[in-house]
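First comes the structure, then the notes that go with it.
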Amino acid sequence: MDLLLSSFGQIITPEIILLLFAGVVIGIIFGSIPGLTGGMAIALCLPFTFRMDAVPSFALLLALYIGGISGGLISAILINIPGTPASVATCFDGHPMAKKGLGGKALATGVIFSFFGTIFGILILMFLAPPLSQIALKFGVFEYFSVAIFSLSLVSVLLGKSMIKGLIACLIGLFLASVGSAPIDGFPRFTFGIHAFDAGFAQVPSLVGLFALTEIFKAAKDRSSYHITTKDSKIKGVGFTGKEFVKQVPNGIIASIIGTVVGIMPGIGAATCNVMSYGVIKRLSKHPEKFGTGIMDGVVASEASNNASIGGAMVPLITLGIPGDAVTAILLGAFTMQGLQPGPMFFTANMNFIYILFALLLLGSFMTVIVQFFGMRGFIKVLKIPKSVLLPMVLVMCLVGSFAINNVAFDMWTFLIFGTVGFFLSKFGFPLTPVIMGYVLGPIAEIYLRRGLMVGRGSFLPFITHPISGVFLGMSIIIIVYTFISQTLQARKKNPAKGKIANVYDD
Amino acid sequence: MEDTKKRNFSIFSRCYKDVLVGAVLLLIFVLIIIGAQSTQLLVLATITAKFWPTVIGIIGCVLSVVLIAQGFISGRKLALLENSESAVSEKGEKLFEGGNRRTILTFLLVALYIISITLLGWIPSTLVYLFLQISLLTEKAKRKPLRIAIITVIFTAIVYVLFRYAFMLMLPPGTIWQIWR
């Protein structure tokens, strides 16, 4: 504790505060514009840190990281377009809340529980990083494959009205991810001799295409709703009552635990934990039928978990020197540039610096909540722009973002391909989230399945006999079988024709 | 006669929508399996690059068949209901009318915008695209060309300055101007 307090003493200087503020603001802007990501902000700002000392350099980079993850909730709630895979689940209840005129409450819930999740993740990082990293080490090829399959089955089964359609949507995502060079041997698949396909489809254009373009196609088909909401979305006080906050704390804790634990797993992290947490909290809720209609629980589930994954992702980075995703890989590069080598000895050899990092993370998350809280009244004005003007503007920014990631024109076509696929799928009642989750987790599942089969000499048995792997695979089967039985029973209870006819004309 | 045929097809396509979608998906997954077999393979490996897409294709085929079966069961009941409620069945939209026409036009606009960005560059393409897209999405009664043009110019200028000079991101300059030079 003394070490933490003295670290705060070292970082509370005008220079560090200014860098944290700048990092948070830029991170939120990048996170909130669909097509731009916090990772892109970090990559762009990295050259500015070359001449800085370690502390100011990490003040800027960590603030960008927290701001980028937190900013995603703004576009997800207000325009139903997640800027990054980390905020996909925020759309499920956040946007319906905005449509009901509760946009301010949804934003406030997201902001406060993002902060809650960040603090939870950082505290876990501070107190449990070394033992947690040991658990992470126990995860081998079999376990990673099983966790990916568990996440995919949870997402596919729980998020749509029909389990079969959810699973098919997931398979479409898995297929789209398999286009391009195959992992391990690198042979091209489904490229039809076109070299642009060799590298596969980039993640951000796929995500924003799937959600943003689908949204604009829907607006073109039905232009009767002029604004996202006609109701007044003014924010009163904090945005919600103390009683509502207390009621959401258990959800916040569950979501934060899921976010931290999943965040530790390299590659799976924030992209998965928000949807996984949403699925788990919906399953545990007394009113699962209310999820998706615009309730606080859904926003808490997503936002607390994706921010808690920040602390989780830092665990393998600091204790093992293993980056989990592109963002932590850039941070690893920043450590190396400062002459620091994260790994098993890093904790003992650089105790002072580690505590400065913790203090920076804590101060950065305070700064984020303050900036977002005061910015909320401005963000909410987006709802006043007519959809016919707002959506084309968003599309333009999405395309710029899609191009700017790799400066490759093909990424703009990826945007169009995924948008068209998304529109047709949603027109026929297929949920879109399993597509993107299949797309994100597909390469992870494939690489670990193939490695596992190689280790097991072609036998699938080790995937079941390894305890952790076996448990995750078992849970996946239980979820699928249970949902299939319950959906079949529900369909028999209802008059299927009545329910169906409503769906047909809804389209 | 022609009208009855059209009406019957309309009822069939709506009631058995899942059957039709399932059939299309089944075909796609079969093509995935066939396509996967033509993947170049590492001779020594037991688990090759075609393994994963083949697994996806097989599971996809099974699920598509389940979707067809489910769609057939619920569609049969729905068809009975539709035949008894003839007034309801008249609802439907032709392919190139109203909302469908706007959706197709939006698709074409975005495709042309992407082609135009690479050829003419970001600024002229965005000016034209935004003006046309906003006009298309705005109802005729609320459409004010001058206002749309002002919004288009201001937004394009702000995004250009923000992305190019504040974020220092590259925007496509347009190949045609490079050839010109």
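Tell me the residue from A:Val400, A:Val394, A:Val408 that is in contact (Cβ under 8 Å) with a residue 40 or more places away in the chain, within 14 Å of chain B (Cβ to nearest Cβ), closer than 20 Å to B:Pro124 by Cα and not in a helix (DSSP H, G or I), please.
Step by step, each of A:Val400, A:Val394, A:Val408 is checked, and only A:Val408 is in contact (Cβ under 8 Å) with a residue 40 or more places away in the chain, within 14 Å of chain B (Cβ to nearest Cβ), closer than 20 Å to B:Pro124 by Cα and not in a helix (DSSP H, G or I).
Somewhere in segment A:174-181, is a residue hydroxyl-bearing (Ser, Thr, Tyr), in a helix (DSSP H, G or I) and closer than 30 Å to A:Leu362 by Cβ?
No.
Could you please let me know if B:Glu97 is at pLDDT below 80, of a type in the set (Asp, Glu) and more than 22 Å from the chain's Cα centre (by Cα)?
No: the conditions fail for B:Glu97.
Would you mention how many residues in segment B:154-172 are within 21 Å of A:Phe410 (Cα to Cα) and more than 11 Å from every other protein chain (Cβ to nearest Cβ)?
Counting residues in segment B:154-172 that are within 21 Å of A:Phe410 (Cα to Cα) and more than 11 Å from every other protein chain (Cβ to nearest Cβ) gives 0.
Go through B:Phe131, B:Phe163 for me and flag whichever is more than 24 Å from A:Ser426 (Cα to Cα) and in contact with a Leu (Cβ under 6 Å, 6 or more places away or on another chain).
B:Phe163
Take A:Phe472 and tell me if it is at pLDDT 85 or above and aromatic (Phe, Trp, Tyr).
In short, yes.
How do the pairs read when you match residues in segment A:136-161 that are in a loop (DSSP other than H, G, I, E, B) with residues anywhere that are aliphatic (A, V, I, L, M) and at pLDDT below 80, using Cβ under 8 Å and keeping only pairs 6 or more apart or on different chains?
Listed pairs, sorted by first residue: A:Phe139/A:Met265.
Which fully enclosed helices (runs of 4 or more DSSP H) of segment A:1-107 have 3 or more residues being within 24 Å of A:Leu399 (Cβ to Cβ)?
A:14-32, A:38-45, A:54-79, A:88-97
Among A:Gly35, A:Gly27, which is within 14 Å of chain B (Cβ to nearest Cβ), surrounded by 24 or more Cβ atoms within 10 Å (Cβ to Cβ) and in contact with a Ser or Thr (Cβ under 7 Å, 6 or more places away or on another chain)?
Of A:Gly35, A:Gly27, the one residue that is within 14 Å of chain B (Cβ to nearest Cβ), surrounded by 24 or more Cβ atoms within 10 Å (Cβ to Cβ) and in contact with a Ser or Thr (Cβ under 7 Å, 6 or more places away or on another chain) is A:Gly35.
In segment A:458-476, what residues are among the polar types (S, T, N, Q), assigned to a helix (DSSP H, G or I) and either within 30 Å of the chain's Cα centre (by Cα) or within 14 Å of chain B (Cβ to nearest Cβ) (or both)?
Scanning segment A:458-476 gives A:Ser469, A:Ser476.
Could you tell me how many of the residues in segment A:188-224 are without any contact (Cβ under 8 Å) to a residue 60 or more places away in the chain, within 28 Å of A:Gly72 (Cβ to Cβ) and either among the basic types (Lys, Arg) or part of a helix (DSSP H, G or I) (or both)?
2
Could you tell me how many of the residues in segment B:96-130 are crowded, with 18+ Cβ neighbours inside 10 Å and small (Gly, Ala, Ser)?
Summing the residues that are crowded, with 18+ Cβ neighbours inside 10 Å and small (Gly, Ala, Ser) in segment B:96-130 gives 3.
Which one of A:Gly442, A:Gly364 is within 10 Å of another protein chain (Cβ to nearest Cβ) and farther than 30 Å from B:Trp122 by Cα?
Residue meeting the stated conditions: A:Gly442.
Could you tell me which numbered condition B:Thr175 fails, if it satisfies all but one of (1) at the interface with chain A (Cβ under 10 Å from one of its Cβ atoms); (2) in contact with a Ser or Thr (Cβ under 9 Å, 6 or more places away or on another chain); (3) surrounded by 15 or more Cβ atoms within 10 Å (Cβ to Cβ); (4) at pLDDT below 90?
Failing condition for B:Thr175: (3).
For segment A:94-116, does any single residue satisfy the condition of being on the phi < 0 side of the Ramachandran plot, modelled with pLDDT under 90, among the polar types (S, T, N, Q) and under 15 Å from the mean Cα position of the chain (by Cα)?
The answer is no, given that none of the residues of segment A:94-116 is on the phi < 0 side of the Ramachandran plot, modelled with pLDDT under 90, among the polar types (S, T, N, Q) and under 15 Å from the mean Cα position of the chain (by Cα).
Listed residues B:Val88, B:Val19, B:Val110, B:Val43; which is closer than 28 Å to A:Lys218 by Cα and either of a type in the set (Asp, Glu) or at pLDDT below 70 (or both)?
Just a single option satisfies the conditions, and that option is B:Val88.
Of all the residues that make up segment A:167-188, how many are crowded, with 23+ Cβ neighbours inside 10 Å and at pLDDT below 90?
Qualifying residue count for the region: 1.
Counting only residues that are of a type in the set (Val, Ile, Thr) and modelled with pLDDT of 85 or more, which one in segment B:22-40 is surrounded by the fewest Cβ atoms within 10 Å (Cβ to Cβ)?
Result: B:Ile34.
Please go through segment A:126-160 and pick out each residue that is charged (D, E, K, R) and at pLDDT 80 or above.
If the condition is that a residue be charged (D, E, K, R) and at pLDDT 80 or above, then A:Glu143 is the only one that fits.
The values are calculated or read from the model by the stated rules, or taken from the named source; none is laboratory data. Since the structure is predicted, the reported quantities are computational estimates derived from the model, not experimental observations. All Cβ positions, even for glycine, are placed from backbone atoms using ideal geometry, and neighbour counts span all protein chains on display.
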